[in-house]
Amino acid sequence: MGGYRQSVGIFDTHAHYLVRDFGDELEQVLNELPKKNVERVIAVGCNLQSSEEEIALAKRYDWIYASAGIHPEDADKLPGDWEERIEALLKSPKAVALGEIGLDYHYEDSPSKDVQRKVFITQLEMAKRLDVPVIIHSRDACAETLEILREYKPRGVMHCFSYSAETAAEVVKLGMYVGFTGVLTFKNAKKTVAACEAVPLDRLLLETDCPYMAPEPHRGKRSDSSMIEFTAAKMAEIKGVSAQEMIEIANENGKRLFLNS
């Protein structure tokens, strides 16, 4: 008889665990996750403050890792020493990525395109210099994001993917991974489902983007990493594998990209 192999748990490669969102419940939520088949989490920074908070959190929990970076919506609120501070955070043993970074042209009052582009490129250059993967946020900025990715060719993931199947295929061709959240389970998510179909199994990552993007049947509620099981089940259905296989495949992909294992 073969030896018993314990089932591989969830690797949530994109979550936000901030006191701002979870309040006094944060510690309780996190302590419950390993009991709910959550094996690893990357707590993702969006600005200097949240990056510092997520790195500090990762130091307290063996199974939590973190990233540091400047989200495009924060690109015009930066002190003069922001680059040095992000670089210093990335030297933490628990820091595994630079992000989330990118372009977001969705809101009219967002930082200017020039400012966003400059901060994005500065961080891509930093990632290249430090040899760390990037977590890309891109909304309503597909063409320009692809143009920049073609030029800088980072290793990393296009997070919370919202573009076409053709764009997903191009992202994969650039050597990157593609992350999907609970949006994949929404009834009106035909475009997202088509994009997932276009991504090979070895380039897919599972994400919550919690506390946002809770999957069906929890849509509209505060999300946490355990809810990935619903996204994994939908992704498994799309890719023709079992839900547990999908969790295991995504776990391996996440380790390969972020943990070099």
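Odds and ends about this structure:
- Taking the square roots of 5 times each eigenvalue of the Cα gyration tensor of the range 1-142, largest first, gives ellipsoid semi-axes of 30, 17, 15 Å.
- The residues of the range 105-261 expose on average 44 square angstrom of accessible surface per residue, using a 1.4 Å probe on protein heavy atoms.
- Max mean-square fluctuation residue, GNM over the chain, Cα-Cα springs under 10 Å, options GLU27, GLU39, GLU108: GLU108
- Across the chain, C-alpha contacts under 8 Å between residues 6 or more apart give a mean separation that, scaled by the residue count, equals a relative contact order of 18 percent.
- Build a GNM of the chain with springs between Cα atoms under 10 Å apart, and of SER164, SER112, SER50 the one that fluctuates most is SER112.
- Compactness relative to 2.2 N^0.38 Å, alpha carbon Rg of the range 126-261: 1.00
- For the listed peptides 78-91, 228-241, 122-135, a ranking on the average number of other beta carbons within 10 Å per residue, highest first, reads 228-241, 122-135, 78-91.
- Among the listed pairs LYS187/LYS239; LYS77/LYS128; LYS190/LYS239; LYS91/LYS128; LYS35/LYS234, those whose Cα-Cα separation exceeds 20 Å are LYS77/LYS128; LYS35/LYS234.
- Normalised per residue, the accessible area of the range 12-90 is 45 Å², obtained with a 1.4 Å probe and no contribution from ligands, DNA or RNA.
- Loop-resident sites, the range 24-81, for trypsin sites (Lys or Arg not before Pro), counting at most 15 other Cβ within 10 Å (DSSP): LYS77
- On full extension, the segment bounded by LYS36 and ALA143 gains 34.6 nm, given 0.36 nm per residue less the C-alpha separation.
- Note on ALA169 and GLU84: the model spin-label points, each 7 Å out from Cα along the C-beta direction, lie 4.8 nm apart.
- According to the Cα-based calculation, Rg over Rh for the range 63-138 is 0.97, with Rh computed by the Kirkwood formula.
- Dipole magnitude of the chain about its Cα centre (Cβ charges: Lys, Arg +1; Asp, Glu -1), debye to nearest 20: 700
- Among 245-253, 12-20, sorting by the average number of other beta carbon atoms lying within 10 angstrom of each residue, highest first, gives 12-20, 245-253.
- Considering only ALA95, PRO133, ALA214, and ranking their Cα positions along the charge dipole of the range 81-229 that arises from unit charges at the beta-carbon of Lys, Arg, Asp and Glu, the one farthest toward the positive end is ALA214.
- Gap separating the Cα centres of the range 118-170 and the range 56-110, nearest whole Å: 15
- For the chain, the spread of Cα positions along the three principal axes, ordered from largest to smallest, is 60, 41, 36 Å.
- Label zone at ASP21, where the point sits 7 Å out along the Cα-to-Cβ direction: the range 75-109 residues whose backbone N lies under 13 Å: 100
- With every protein chain in place, the chain: carbon and sulfur % of accessible area (1.4 Å): 48
The values are calculated or read from the model by the stated rules, or taken from the named source; none is laboratory data. Predicted model, so just to flag it, every value in this text is computed and none were measured. Note that we place each Cβ from the backbone using ideal geometry, even for glycine, and neighbour counts take in every protein chain shown. Each accessible area value is taken on the protein alone, full model and side chains, heavy atoms only, with ligands, DNA and RNA left out. Shrake-Rupley method; radii C 1.70, N 1.55, O 1.52, S 1.80 Å.
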